[in-house]
Amino acid sequence: MRGATIAAFVALAPLLPAAAVAVGTLKVDAALPYVCTLPSGPQPATVRITAAFPERAEAGEEIRPADVTTTVELPGAAVAELTALKAATVRAESRLAVGVAQGEQRAEAAWSGTAQPVAVPTEGPLTLTTTGDVSSLTTGTPGELSLTAGAFGVDLAPSTAEGAATVPASLSLACTPAPDAEGRTVLARIPVGAGTPTGGPGTAAPSPDASSPSSPVPGLPLPPLPSDPAAPGERGGTPSADPRAGQRTEKGLTVTDEDAPGAPAARPAAPRCVTENVTPMSLTAYVTGYSNVRKLDGSSFIPLFCMLIEQGSPQEPPVPAPEGEFHFFTPSLADLSYQGRKQTPPFTSTFVAFGFQPVTATMVLEQTGPIKVDTLFRAVATGDNYLDNKVRAPLVLRVLDVKVNGVKLDVGPSCRTETSLTSPEPDPARYPGDHLVLVGLGMIPFGENAKGYVLTGGGPLTGEMTIPAFKGCGAKGENLDRLLTASISGPGNYVRQTQGQTCNFLNPFPPADPECTEDGQPYQIPKAGR
């Protein structure tokens, strides 16, 4: 095994079965006991992990887990703590450390996921199921490869019945396998090079029906969490520096987190993103992501677009801080920018309408008013700091081109939603009108780096929107408004966008890692993924 390496890549791509599934699929369904640290103290919890792996692989072949879900059942104590915060719904983001071993070599991969908001029950357990990014694996050496579940973390973002964030705005729970789980945390054992599959306690026999390639899993692709899934010191061995971006080497195994926020990398091509009349408060950033279209049971990829932000000055918060906390509030304004227009680049998506008809549409999001970016900074007695960011964007969806089963459907030049995309607004008195609301929660633990979303550092922004009815659709006297409205419009469309690190071209104290290109564009190019 000397000289062998395993590379674990964070794969920001749809959760498609890997090429190796053609030889059969090894299914995992493991319910594991954990102990989670809640504010009230340690509590038992159950973490259920489901996934599909190729039953075997060849040396050098990519091994990509598919259909990965993580379900955590938190005890009644967690429900009681959320109820005390007057939380009506809660959104979860999870991260699972997965140990990778082959012979004496060890590495660690990160599986992360998010869930749409769920109602907080009046009593009993709280069940949260997340899906998201997992690491793909390759090894150049034959021999059995094993994957083991390790530390698990879940961040909860509770909201009141009115849609406002609670105080505190988030709860972070750290979970470790229960002492009696030893020996039962092996998720899969995959022969590499030759052999027949064997399984740990959560594995099942290969499924012949699952061996054929399938279409992309419907639903929203989700980007990874920016925080480490395992607590400091839990990784085996002493990590050594790797010259490549986002990599570390542990006992001969190379783990590559290519999309970790802030990781320097070669900058790929990107649309122009420059503030023409730059000031010391001007920020530019790239954003990309996905949006569900619930009626069509699929998602649209929003390609990389430029956001021009003019950061405001800190001021008194609109609501007084509770006793024992210090708050300040920073309002900023922003605009989309694409070839001199306040819009995204055109994007094309293909859906299956009415369960059988392939429909391809080219669309664009157009800004109809100023985008407001508000940041509430909260310092608490523990020394930790919290960031509650809200982006309010008035955007209409314009449809440029439609093809039904490959045949052009002429929607005309003026096909668009009647009003802006809308979201539940937690403060309608201060923010009237129709607009999309995206939320980014951040935390700066005392003495540690920031986690989650920070305006200047980027991160995930999530929300839920209603797509309004359409108007102006059709040509040559044909009115297609009702057809598009029936096919697309409606509530419950989840949105997940990833913002990259901002560029402050006039920053007098630039960081060590590149923040801007020489011509003043953002250096970091974020990636959207499933």
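The values are calculated or read from the model by the stated rules, or taken from the named source; none is laboratory data. Quantities reported herein were computed from a predicted structural model and do not represent experimental measurements. Heads up, the Cβs are rebuilt from the backbone with ideal geometry, glycines too, and the neighbour counts pull from every protein chain shown. The protein model used for the area step is the full one, side chains on, heavy atoms only, and it has no ligands, DNA or RNA in it. Shrake-Rupley method; radii C 1.70, N 1.55, O 1.52, S 1.80 Å.
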Principal semi-axes in Å for the stretch 432-479 [√(5λ), Cα gyration tensor, largest first]
42, 11, 7
Enter the mean projected area of the convex hull around the alpha-carbon atoms of the stretch 370-452, in nm², rounded to one decimal.
8.9
Per residue of the stretch 495-501, what does 6.51 cos²θ - 1.76 cosθ + 1.60 with θ = phi - 60° give for ³J(HN,Hα)? Whole Hz please, x for Gly and Pro, Karplus curve as stated.
10, 9, 10, 10, 9, x, 4
The local net charge around Ala30, scoring Lys/Arg +1 and Asp/Glu -1 for residues other than Ala30 whose Cβ lies under 12 Å from its Cβ, equals +2
Compactness ratio of the stretch 30-97: Cα Rg over 2.2 N^0.38 Å, N = residue count?
1.52
With only alpha-carbon atoms in the gyration tensor, what are the semi-axes of the equivalent ellipsoid for the stretch 318-444, in Å, largest first?
39, 16, 13
Using alpha carbon positions and the Kirkwood radius, the Rg to Rh ratio of the stretch 47-162 is 1.11
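I need the per residue convex hull volume for the stretch 285-340, using only the alpha carbons, in cubic angstrom as a whole number. Write out the running numbers ahead of the final one.
On the way: hull volume 9.2 nm³, N = 56.
Expressed per residue, the convex hull around the Cα atoms of the stretch 285-340 is 165 Å³.
Past the 29 Å Cα-Cα mark, which pairs from Lys27/Lys86; Lys403/Lys471; Lys342/Lys527; Lys372/Lys471; Lys390/Lys527; Lys295/Lys408?
Values: Lys27/Lys86 40 Å; Lys403/Lys471 18 Å; Lys342/Lys527 21 Å; Lys372/Lys471 26 Å; Lys390/Lys527 21 Å; Lys295/Lys408 21 Å.
Too far apart for the 29 Å limit: Lys27/Lys86.
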Can you give me the solvent accessible area of Leu333 with a 1.4 Å probe, rounded to the nearest 10 Å²?
100
For the stretch 271-357, which whole percent of the accessible surface, found with a 1.4 angstrom probe, sits on carbon and sulfur atoms?
57
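What translational diffusion coefficient, in µm²/s and rounded to a whole number, does the Stokes-Einstein relation yield for the stretch 381-530 at 10 °C and a viscosity of 1.306 mPa s, taking the hydrodynamic radius as the Kirkwood radius over Cα pairs? Show your work: numbers first, answer last.
Values: Rh = 18.6 Å.
Roughly 85 µm²/s, to the nearest whole number.
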Please list, ordered by chain and number, the residues whose modelled amide H lies under 5 Å from the amide H of Cys415; skip anything fewer than 5 residues away on the same chain.
Val399
Name the long-range amide H neighbours of Leu187: under 5 Å, sequence gap of 5 or more, or other chain; modelled H, no Pro or chain starts.
Leu147, Thr148, Ala149
Local net charge near Leu376, Cβ-Cβ under 14 Å (Lys/Arg +1, Asp/Glu -1):
0
